[in-house]
Amino acid sequence: MTTFVDRVELHVAAGNGGHGCASVHREKFKPLGGPDGGNGGRGGDVILTVDQSVTTLLDYHHSPHRKATAGKPGEGANRSGKDGQDLVLPVPDGTVIMDKAGNVLADLVGHGTSYVAAQGGRGGLGNAALASARRKAPGFALLGEPGDLQDIVLELKTVADVALVGYPSAGKSSLISVLSAAKPKIADYPFTTLVPNLGVVTAGSTVYTIADVPGLIPGASQGKGLGLEFLRHVERCSVLVHVLDTATLESDRDPVSDLDMIEAELREYGGLGNRPRIVVLNKIDVPDGKDLAEMVRPDLEARGYRVYAVSAVAHTGLKELSFALAELVGKARAAKPKEEATRIVIRPKAVDDAGFTVTREEDGLFRVRGEKPERWVRQTDFSNDEAVGYLADRLNRLGVEETLMKEGARSGDGVAIGPEDNAVVFDWEPSVMAGAEMLGRRGEDHRLEEPRPAAQRRRDRQAERDDAAQEFDDFEPF
């Protein structure tokens, strides 16, 4: 059964925004008291947040589809819909977020670091919010926007100061178990360690983390033996420790050739050439192992390596090794640039930026692209003529119609707003607001013009009295 997963593909969906409400206030003696439709609620976001208690991506391996809740629609009496709840997904420290093409979207390091993977849709405005001096009683409301849909890849890279690398069964797990309080599984067969193990080591005043990376074999940089999955956990480490087995039972292996093979794989993987190295000759508690360590040590030191002969079983040479690692970790931390406060960068919109573009395609279709036009189209209820007219007004005020005329568009030409796979296409008619002007003056609701019986009776009686008075004034006695 899989207990550790460090790479998953995650499908996230943010919540849709709630629709606005088109409502008219009604009470006794006020059958049409004005618009009172509330706004729709905002859809929930999908947020990835670093949680130190999480060490694996296993949950997302079993449940790769995650969705936030949608916003509630608005209601009458100026009642706005409830916002959808954000979906917060905890991920391990060191999680890299990429798109399916491999482009890095975020690198989450440090407890509490978060990234919004999918943005919730905006809630639609109700007709009360759309009312103005020109549009006193809108008979429509805006629709809520759909939430984002994203397919992302999560890749875990272990965050540690020191990485132990070497052949399977070289004693890396035993070494980390005696240097720290970590309790990895230890056995005498290859590939005992299938997941990276982390331990915390204290050497004097320095506290650092050490990672036991699963064993590497020839071809690991090309993916052999799950090598790529193992090597990615070395990328963030400041110091590399070669753990060499001086008591191997394989006749074709020795510490020097093991070191050469591992270094070759690290070079093939790339990006690790500037990391300081330490060589650990392990298992000197075995008589033959101690003799072999003394034999190869001068050769390794001649190459420029700092060499330490240790025994994880007999606890020999561990103190010197621990303080040597602390020294290198301290130097690496001091060499890192100081963290600066997050800068707020303000990028004002260019003076000549209209917020949209109009391009003519080969088939003669004019395509309009831009954040505002596309958002307005998504918010429009095309079954409502007044809503379509409101969209036409907004596009006209933005300058879309004027730009279409400059680009050579004529009456009856096809115009598409949005991308090719999800666009609204219509035949363009200059200065015609999609039939909404048939409703009367823009913004007025014809329902307000409906006769009311009581008021009509009062007007009729007043007219009768006026006629009678006029007849009396016109009367001439004989």
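The values are calculated or read from the model by the stated rules, or taken from the named source; none is laboratory data. Remember, predicted model here, so these are calculated numbers, not experimental data. Neighbour counts run over all protein chains shown; Cβ positions are idealised from the backbone, glycine included. We work out accessible area using only protein heavy atoms, side chains counted, and drop any ligands, DNA or RNA first. Shrake-Rupley method; radii C 1.70, N 1.55, O 1.52, S 1.80 Å.
Here are a few things to note about the model shown:
- Protein-only accessible surface order, largest first, of His111, His11 at 1.4 Å: His111, His11
- Cβ-defined net charge surrounding Ala409, 13 Å radius [Lys, Arg +1; Asp, Glu -1]: -3
- Probe 1.4 Å, accessible area per residue of the range 238-350, Å²: 60 Å²
- Calculated FRET value between Val425 and Ala302, using beta carbons and R₀ = 51 Å, to 0.05: 0.10
- Using the Cβ-Cβ distance between Gln52 and Ser205 with R0 set to 25 Å, the FRET efficiency from 1/(1 + (r/R0)^6) comes to roughly 0.65.
- To put it simply, the accessible area of the range 116-182 at a 1.4 Å probe is 50 percent carbon and sulfur.
- With the charge dipole of the range 244-326 set up from +1 on Lys and Arg Cβ and -1 on Asp and Glu Cβ about the Cα centre, the Cα lying farthest toward the positive end among the listed residues Thr246, Leu318, Pro287 is that of Leu318.
- Solvent-accessible surface ranking, highest first, for Val104, Val12 at 1.4 angstrom: Val104, Val12
- Given their separation in residues at 0.36 nm each and the Cα-Cα distance between them, Lys336 and Glu320 gain 3.3 nm when the chain is fully extended.
- Of Lys283/Lys336; Lys82/Lys372; Lys67/Lys336; Lys136/Lys406; Lys100/Lys172; Lys349/Lys406, pairs whose Cα-Cα distance is over 27 Å: Lys283/Lys336; Lys67/Lys336; Lys136/Lys406; Lys100/Lys172
- Protein accessible area in the range 257-369, 1.4 Å probe - carbon and sulfur %: 53 percent
- The residues of the range 47-173 expose on average 45 square angstrom of accessible surface per residue, using a 1.4 Å probe on protein heavy atoms.
- Within the assembled protein chains, the solvent-accessible surface assigned to Phe356 is about 20 Å², based on a 1.4 Å probe.
- Other residues whose C-beta falls under 13 angstrom from the C-beta of Leu105 contribute a net charge of -4, scoring Lys and Arg +1 and Asp and Glu -1.
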